[in-house]
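The values are calculated or read from the model by the stated rules, or taken from the named source; none is laboratory data. On a predicted model such as this, the values are computed, not experimentally measured, just so you know. Cβ atoms come from the backbone with ideal geometry, glycine included; neighbour counts cover every protein chain shown. SASA here: full protein model, heavy atoms, side chains in, ligands and nucleic acids out. Shrake-Rupley method; radii C 1.70, N 1.55, O 1.52, S 1.80 Å.
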Amino acid sequence: SQQGEEDPQALSIQEGENATMNCSYKTSINNLQWYRQNSGRGLVHLILIRSNEREKHSGRLRVTLDTSKKSSSLLITASRAADTASYFCATDGDLNTDKLIFGTGTRLQVFP
Amino acid sequence: EAQVTQNPRYLITVTGKKLTVTCSQNMNHEYMSWYRQDPGLGLRQIYYSMNVEVTDKGDVPEGYKVSRKEKRNFPLILESPSPNQTSLYFCASSLWRGTGGGSYNEQFFGPGTRLTVL
């Protein structure tokens, strides 16, 4: 089945640096969402970008979507130690159903 | 406070002993869903429901049952648990806008249930 694939699987950076995570998917989508998960906790929604949008901002987050390449990126600017978490992309797996398909996630570690 | 609650949060059980994990939301959401999370596999959808009495299979429904008798509740039932169902389970809810619209809105997740089947 379709699945978002995040890249890289793990990322370590220093506070203040930018972090970029990528997501690729396989079929047409209505929208793509990014979620954050602190260790062992429930996921928290960060941002949703629709298929007719190319870029979206929310605070220090910037999401881009390239439907021709079936890919999205999440940029976190001026990272903080508190940004340490796993980040997942999620897409509607099939336009005729209501499934939601999550990727395997990127584990981000921000060192103070 | 708007939230999704799950119970129990932790459960250790033995193979074959039926169990139910409850999920409840207070946001009047139509769409509810169950996921399991395993290392290296991300979150995989087990079942979802678009409204009362309407449920459908996700990607990994084998070994699970669900019911949606009330809008706020969406219990996950394991009739005969096996060790390969040891996992971290999440319930989530969101608004629904018709077929194909279930993922149009952000999902609100519960805190998770860590299940170990011996």
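Per the conditions (1) acidic (Asp, Glu); (2) within 27 Å of residue B:35 (Cα to Cα); (3) away from every other protein chain (no Cβ under 13 Å), the sole criterion not satisfied by residue A:98 is (3). Close contacts from region B:36-48, counting a first residue that is among the β-branched types (Val, Ile, Thr) and a second that is in a strand (DSSP E or B), with Cβ to Cβ under 9 Å and a gap of 6+ residues or different chains, come to B:46/B:33; B:46/B:34; B:46/B:35; B:46/B:36; B:46/B:57; B:46/B:66; B:46/B:76; B:46/B:89.
Just to be sure before I move on: is residue B:86 under 26 Å from residue A:5 (Cβ atoms), in contact (Cβ under 8 Å) with a residue 12 or more places away in the chain and more than 12 Å from the chain's Cα centre (by Cα) in the structure I sent? Working first, answer last.
Values: under 26 Å from residue A:5 (Cβ atoms): yes; in contact (Cβ under 8 Å) with a residue 12 or more places away in the chain: yes; more than 12 Å from the chain's Cα centre (by Cα): yes.
So residue B:86 passes the test.
Checked against the criterion of being of a type in the set (S, T, N, Q), within 24 Å of residue B:88 (Cβ to Cβ) and without any contact (Cβ under 8 Å) to a residue 60 or more places away in the chain, region A:43-62 has no qualifying residue.
When region A:52-82 is filtered for residues that are part of a strand (DSSP E or B), within 17 Å of residue A:92 (Cα to Cα) and either out of contact with any strand residue (DSSP E or B) (no Cβ under 7 Å at 6 or more places or on another chain) or of a type in the set (Asp, Glu) (or both), only A:66 remains.
Would you mind listing the strands (runs of 3 or more DSSP E) fully within region B:1-104 where at least 2 residues are open to solvent by 60 Å² or more (accessible area, probe 1.4 Å) and touching a Pro at 6+ places or on another chain (Cβ under 6 Å)?
Details: elements: B:4-7, B:10-13, B:19-25, B:31-38, B:42-51, B:54-57, B:76-78, B:87-94.
Because the criterion is at least 2 residues that are open to solvent by 60 Å² or more (accessible area, probe 1.4 Å) and touching a Pro at 6+ places or on another chain (Cβ under 6 Å), the strands (runs of 3 or more DSSP E) in region B:1-104 that meet it are B:19-25.
What do you reckon, is residue B:112 within 11 Å of another protein chain (Cβ to nearest Cβ), without any contact (Cβ under 8 Å) to a residue 24 or more places away in the chain and surrounded by 15 or more Cβ atoms within 10 Å (Cβ to Cβ)?
On the way: within 11 Å of another protein chain (Cβ to nearest Cβ): yes; without any contact (Cβ under 8 Å) to a residue 24 or more places away in the chain: no; surrounded by 15 or more Cβ atoms within 10 Å (Cβ to Cβ): yes.
For residue B:112, the condition - within 11 Å of another protein chain (Cβ to nearest Cβ), without any contact (Cβ under 8 Å) to a residue 24 or more places away in the chain and surrounded by 15 or more Cβ atoms within 10 Å (Cβ to Cβ) - is not met.
Counting only strands (runs of 3 or more DSSP E) wholly contained in region A:1-40, the ones carrying 1 or more residues that are more than 13 Å from residue A:109 (Cβ to Cβ) and open to solvent by 20 Å² or more (accessible area, probe 1.4 Å) occupy A:5-7, A:19-24, A:31-37.
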